[in-house]
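These notes concern the structure reproduced below.
The values are calculated or read from the model by the stated rules, or taken from the named source; none is laboratory data. None of these values were measured; they are calculated from a predicted model. No Cβ is skipped: glycine too gets one built from the backbone with ideal geometry, and neighbour counts run over all protein chains shown.
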Amino acid sequence: MTINPGDQVKTCDELAEAPDEYRKAVEKIVISHAVNELYGAQVFDEPAIALAPTPYAKWLTCRVAMEEYGHHVRFRELGEQMGIAADWMTPAGKRPLSIFEFDLQTWPEFCVIKLLADLAEILQVEDLAHCSFLPLRNLARMTMPEERFHAQFGRDFCTELCRTEEGRQQVQAAIDRYFPLLPKFFGRAKSRNNETFRKWGIKQRTNEAMLEDYVARARDLVEGTLGLTLPKVEAAATA
Ligand SMILES: [Fe+2]
Ligand SMILES: [Fe+2]
């Protein structure tokens, strides 16, 4: 069978028959998600259980950590079905994204990470929910409600923290330090990888369009909902 741009690829067996360019593009995405879901759970979500201030907050943080490890497990399982070596799907095999290069120390910092980084992840998952490789599309659709819960968790706890002046200052300080790491998450402008993803319908939008949408949605949350200030975006997508 011949697979052309615009076609859907329904199974891992069909993927094995797909052109190299298609297969490698899908592999890149699955590896990246497997690695980054695991690393994020290790450096942010699991340590945050110890930072959570109340039993209720610990309970919900445990759920977030469980789901982030679960995302790794699901992406890794798909990767294994696609024939990707298990070693490539851990932080030892591929360097994690720079959004994880933040030294998490406090509960307000974790709440801001969930508010802003999980919103960024929601945009990626929304895009993959229309992916031409159907097992990846299905995985994105399964993951979506959980990522929405994580972003809502961030929003709820940030809202609660912002009820006191000290809490507002802590949340604003964390946003000022964390938000600048996020534009890079969407990749470079005029990216070749992104061009290949769009050619094959693996992804739908350009990195520039995703970033613009993200900044608008983050501004809505930070300025509209929390009444705080979103730092200026550096020309990070072109860096
Ligand atoms: Fe996740
Ligand atoms: Fe998440």
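Output yes when any residue across the stretch 77-90 is of a type outside the set (Gly, Ala, Ser) and within 11 Å of ligand 2 (Cβ to nearest atom), and no when none is. No, every residue in the stretch 77-90 fails to be of a type outside the set (Gly, Ala, Ser) and within 11 Å of ligand 2 (Cβ to nearest atom).
In the stretch 143-160, the residues that are of a type in the set (Gly, Ala, Ser) form Cβ pairs under 9 Å with partners that are near ligand 2 (Cβ under 9 Å from one of its atoms), at six or more places apart or across chains, as follows: ALA151/LYS114; ALA151/ALA117; ALA151/ASP118; ALA151/GLU121; ALA151/ILE122; GLY154/LYS114; GLY154/ALA117; GLY154/ASP118. Collect the residues in the stretch 75-87 that are in a helix (DSSP H, G or I) and crowded, with 18+ Cβ neighbours inside 10 Å, keeping them in residue-number order. Residues satisfying the conditions are PHE75, ARG76, LEU78, GLY79. I'd like the full set of residues that are away from ligand 1 (no atom under 13 Å from the Cβ), of a type in the set (Val, Ile, Thr) and buried (at least 16 other Cβ atoms within 10 Å of the Cβ), limited to the stretch 53-74. Correct list: THR61 only. The single condition among (1) surrounded by 21 or more Cβ atoms within 10 Å (Cβ to Cβ); (2) within 16 Å of ligand 2 (Cβ to nearest atom) that PRO145 does not satisfy is (1). Residues in the stretch 28-54 that are in contact (Cβ under 8 Å) with a residue 40 or more places away in the chain and over 17 Å from the mean Cα position of the chain (by Cα): PRO47, ALA48, LEU51, ALA52, PRO53. If you check LEU211, LEU230, LEU221 for being free of Cβ contacts under 8 Å to residues at least 40 places away in the same chain, crowded, with 17+ Cβ neighbours inside 10 Å and either of a type in the set (A, V, I, L, M) or in contact with an Asp or Glu (Cβ under 7 Å, 6 or more places away or on another chain) (or both), only one passes: LEU211. I'm trying to understand the selection: among the residues of the stretch 125-139, which are within 16 Å of ligand 1 (Cβ to nearest atom) and surrounded by fewer than 20 Cβ atoms within 10 Å (Cβ to Cβ)? GLU126, ASP127, ALA129, ASN138 - these are the residues of the stretch 125-139 that are within 16 Å of ligand 1 (Cβ to nearest atom) and surrounded by fewer than 20 Cβ atoms within 10 Å (Cβ to Cβ).
Against the conditions (1) more than 30 Å from GLN8 (Cβ to Cβ); (2) out of contact with any Asp or Glu (no Cβ under 7 Å at 6 or more places or on another chain), ARG188 satisfies every one except (1). Tallying residues that are over 16 Å from GLN124 (Cβ atoms) and crowded, with 21+ Cβ neighbours inside 10 Å within the stretch 19-37 yields 1. How many residues are among the basic types (Lys, Arg) and in contact with a strand residue (DSSP E or B) (Cβ under 8 Å, 6 or more places away or on another chain) when one looks only at the stretch 185-239? Residues in the stretch 185-239 being among the basic types (Lys, Arg) and in contact with a strand residue (DSSP E or B) (Cβ under 8 Å, 6 or more places away or on another chain): 0 in total. Please tell me if PHE100 is within 16 Å of ligand 1 (Cβ to nearest atom), out of contact with any Lys or Arg (no Cβ under 8 Å at 6 or more places or on another chain), modelled with pLDDT under 95 and farther than 30 Å from ASP13 by Cα. For PHE100, the condition - within 16 Å of ligand 1 (Cβ to nearest atom), out of contact with any Lys or Arg (no Cβ under 8 Å at 6 or more places or on another chain), modelled with pLDDT under 95 and farther than 30 Å from ASP13 by Cα - is met.
For ALA216, the stated conditions do not hold, so it cannot be described as within 16 Å of ligand 2 (Cβ to nearest atom) and small (Gly, Ala, Ser). The sole residue among GLU165, GLU109, GLU126 that is free of Cβ contacts under 8 Å to residues at least 40 places away in the same chain, more than 13 Å from the chain's Cα centre (by Cα) and away from ligand 2 (no atom under 13 Å from the Cβ) is GLU165.
Taken across the stretch 45-62, residues that are of a type in the set (Val, Ile, Thr), part of a helix (DSSP H, G or I) and within 16 Å of ligand 2 (Cβ to nearest atom) do occur, with at least one present.
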